[in-house]
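Okay, structure first, notes after.
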Amino acid sequence: TPMPSPDATPPLPYRIAVLCYLFDERGRVLLLHRRKPPNQHLYSPVGGKLEQSIGESPTACAVREIAEETGLMVTPADLHLTGIVSETAYRGETHWLMFLYELTRPVDVSCAEFDEGRLEWHEPGDVASLEIPETDRKIIWPLFWQYRGRFFAVHIDCTGPQLTWRVEQPAQDTTR
């Protein structure tokens, strides 16, 4: 899908965040029913914004966010970078750069309520029927499942009446 020229993009703040995909022994995924913006009242994986003022790396942010939101202590070796998602003008408010990490071992986390929202376990097949952001439903979750254990990068343009996106990695082979 053709992308608009950069000068057609509104000047908005750019945010950098991580999303962390955690699974239990049964294969259920841990989701946060968010109490705060962004995506208030919607479900998303645990995660949060990088501490840019201290030069925090995406991996260090994932380790920190998992600890803060679930109480689990993990190391960078426990994480697999499954995807990078860039979004232009999400909800017309912010550009996002998101690093999607999967914890490579099953975990046991209790459902709990805290200031960010409520942690809940969900069957993978039920995720699409939950209240989740449109970009997650149409693009991010399908790509996560498709590339789980491997890697992808996608750019999503939220400026038009309909979402447009392109998978930038792995590069699409057009010579067949």
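A 1.4 Å probe run over the chain, with the rest of the protein chains in place, finds 52 Å² accessible per residue. Take the chain, drop everything but the C-alpha atoms, weight them equally and run the Debye formula without solvent; then report log10 I(q)/I(0) at 0.08, 0.10, 0.12 Å⁻¹ to two decimals. Debye output, listed in q order: -0.24, -0.38, -0.55. The H on the amide N of Phe152, modeled in the peptide plane, is under 5 Å from the matching H of Gly83, Ile84, each at least 5 residues off or on a different chain.
When the residues Tyr43, Tyr14 are ordered by accessible surface, computed with a 1.4 Å probe over the protein chains alone, the sequence from largest down reads Tyr14, Tyr43.
Mind checking the stretch 121-171 for GluC sites (Glu not before Pro) that DSSP puts in a loop (not H, G, I, E or B) and that have at most 12 other Cβ atoms within 10 Å?
Listed in order of number, the matching sites are Glu131.
Once backbone amide H atoms are built at 1.01 Å from N, Leu19 has Phe99, Leu100, Tyr101 as its partners under 5 Å, excluding neighbours fewer than 5 places away on the same chain. Shape class of the stretch 102-176 from the alpha-carbon gyration tensor: oblate, with a/c at 1.5 or above and b/c at least as large as a/b. Database remark: amide H of Trp165 closer than 5 angstrom to the amide H of Asp157 (H placed geometrically; neighbours at sequence offset of 5 or more, or on other chains; Pro and chain starts carry no H). Could you check how much of the accessible area of the stretch 1-114 is carbon and sulfur, as a whole percent, using a 1.4 Å probe? After summing per-atom areas, the C and S share lands at 55 percent. Work from the charge dipole of the stretch 62-176 (Cβ charges, +1 for Lys and Arg, -1 for Asp and Glu, about the Cα centre) and give the residue of Gly149, Ser110, Ile132 farthest towards its positive end. The Cα lying farthest towards the positive end belongs to Gly149. The stretch 92-164 and the stretch 51-82 have their alpha-carbon centroids 16 Å apart.
The values are calculated or read from the model by the stated rules, or taken from the named source; none is laboratory data. Note that the structure is predicted; figures quoted are calculated from it, not measured. Neighbour counts are summed over all protein chains in view; Cβ atoms, including those assigned to glycine, are modelled from backbone coordinates with ideal geometry. Note: areas computed on protein heavy atoms with side chains; ligands, DNA, RNA excluded. Shrake-Rupley method; radii C 1.70, N 1.55, O 1.52, S 1.80 Å.
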